1. In peptide A:160-173, how many Cβ atoms from other protein chains are near each Cβ within 10 Å, on average?
2. List the lysines whose Cα sits under 20 Å from the Cα of residue B:75, skipping any in the same chain fewer than 8 residues away.
3. For a Förster distance of 30 Å, can you work out the FRET efficiency between the beta-carbons of residue A:271 and residue A:2, rounded to the nearest 0.05?
4. Could you tell me which of A:262, A:249, A:234 has its Cα farthest along the dipole of the stretch A:231-270 towards the positive end, charges placed at Cβ (Lys, Arg +1; Asp, Glu -1), taken about the Cα centre?
5. Work out the FRET efficiency for residue B:199 and residue A:114 from their Cβ-Cβ distance, taking R0 = 35 Å, and round it to the nearest 0.05.
6. ³J(HN,Hα) across the stretch B:267-279 via Karplus (A = 6.51, B = -1.76, C = 1.60, θ = phi - 60°), whole Hz, x for Gly/Pro?
7. From the phi of every residue in the stretch A:66-78, what ³J(HN,Hα) in whole Hz does the Karplus formula 6.51 cos²θ - 1.76 cosθ + 1.60 yield, where θ is phi - 60° and glycine or proline is x?
8. Quick one: compute a quarter of the convex hull surface over the Cα atoms of the stretch A:56-128 and quote it in nm².
Number of protein chains: 2
Amino acid sequence: MDTTTLPSWNDGPARRAVLEFLATVTEAGPGHVPPVDRVATFDNDGTLWCEQPLPPQFDFVLRRWAEMAEADPSKRREQPYQAAVERDADWLRHYYDHIPELLRGLAHAFDGATPEQFEAIVARFFTDVHHPRFGLPYDQVVYQPMRELLELLAANGFRVFIASGGGRDFMRVISEATYGVLRERVIGTAPDYEYRDGTLHRLPTLLGGVDDGPGKPVHIFHQVGRRPLLAGGNSDGDVEMMESARFALLVHHDDADREYAYDVKAERALDVAARDGWTVVSMRDDWSTVFPQRVPVRTAAEVG
Amino acid sequence: MDTTTLPSWNDGPARRAVLEFLATVTEAGPGHVPPVDRVATFDNDGTLWCEQPLPPQFDFVLRRWAEMAEADPSKRREQPYQAAVERDADWLRHYYDHIPELLRGLAHAFDGATPEQFEAIVARFFTDVHHPRFGLPYDQVVYQPMRELLELLAANGFRVFIASGGGRDFMRVISEATYGVLRERVIGTAPDYEYRDGTLHRLPTLLGGVDDGPGKPVHIFHQVGRRPLLAGGNSDGDVEMMESARFALLVHHDDADREYAYDVKAERALDVAARDGWTVVSMRDDWSTVFPQRVPVRTAAEVG
């Protein structure tokens, strides 16, 4: 086995399928794809970085809501501010039942901010806040094997995009340093903006809806103008993006020791993967390393 | 004078200002800009290709409306279909007075089409239709000096984007072959899409409004995540994009012999250029060549 390529991947069906696909599209032959069409798209939360116990951006916005409730106590009995102030674990765990409140809260969390103002707040979050279990800034709790895959794709002439249900402008702050992905290659849920007084300001509405589920191929087309040739995801919200690609790679969270084990909101993705022959990546079996460096590990039980 | 750089530009203040700016941002010194921030944005109609007597996309959509009126005669007494069928020169010349009808007509011109269907129609247009004065497909009636500038910017580590008031997906069909600009670097007015039955379909609404005037810096931020370092335009709709850039270049149409001479809809841009010291490019004085090859030239009077 060539151990300089994808060094954090164990030899196994997932690694082999990726390398075989790359050889097919880059070498001469019937499966060859010209460089201009080599586009790869990846979900972020749970695909490139850890999304447990909360996606980093969810922690980010909870802190913002708590601050807002501190400044305006009338908000403390209103959701999502109340849940943010109380860190209401039950409410947060069932966040899928509270989408309207969450979207309303998101819309107003940074209303009117300029890109520079928002960026400064995000940068501070990544400096100040650490992952509750791994004790590192969130942008270090990324999957080393996936970073190697992004790099390998780039070396094979791919343009790598991130297509996340999370906030586009949140991720753009760290995408270049963390993943080597240019800001303009980050696709995600995004607010509308208006231009006044010579600068941009966030509006409380979304541009083109949430970048999840059927919204992912739509957002990708807007940004890229092409279908992905390869797409990677980990959950049901990635199914439509993955089915629009020629090669689909599904990260399966089955490693409670080194990361987390859960299939919630990935049931349909796992079904489609089995039916359509997608490449399923077992974090436990396919990855020799999960994170870029040794980190102090506490068990999930210790941090709740 | 180094004649291998920008060979179709005459030695003069415009060419010198461009070269001086490129030296400042690429060489070590106080004005140096790291490659990641080297973003250039250009308007298309009248900046990169000829927009007279009609912007190519306007001709494109007029033909579509005429076809639609042929298929459904009830449309023939409705605008913009009537003007399209009759090629009503007066109505078309004052198209700025008919924006609501035009937008409504645009919305429904390709409603429901998949990207592949739309692309095939656009490709046929560029094969079949010739510019009325220059007798060439529209994608050959491009400004050779501007193509050389895009190339020079790329050679200096810039990522070049097109930011046009025209249709994004129309331009993406020809941007790679015509300008060497990847589809994902074409920004413009675009429809919403929906994903159903495994593919995308155009909707009759716009994503984020028209990419013109104050809409340009907004669309650019959505796509790029950065301000342009250099921006090029030719009309009032480009002013906000250009004022958001460090270096602004305004193409002035003052060459009736080789192209066209007009200041309509560029009055404000010319004022701001004079006030803020933008680099104004005189097509007549600054360009030794206008189009990429000798073309049979008829005067504007001959084609109306």
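1. For peptide A:160-173, the averaged partner shielding equals 1.
2. Counting by Cα, and skipping residues close in sequence, residue B:75 has no lysines nearby.
3. Calculated value: 0.35.
4. Going by the Cα projections, it comes out as A:249.
5. 0.40
6. For the stretch B:267-279, the Karplus curve yields 4, 5, 4, 5, 4, 5, 4, 5, 5, 9, x, 5, 7 Hz.
7. Karplus values, whole Hz, x for Gly and Pro: 4, 4, 5, 5, 5, 6, 9, x, 4, 6, 5, 9, 10.
8. 5.0 nm²
Read-outs throughout are calculated quantities, based only on the coordinates presented, and are distinct from any laboratory measurement. Just so it is clear, the structure is predicted and the values come from calculations on it, not from any experiment. Note that each Cβ is placed from the backbone with ideal geometry, even for glycine, and that neighbours are counted across all protein chains shown.
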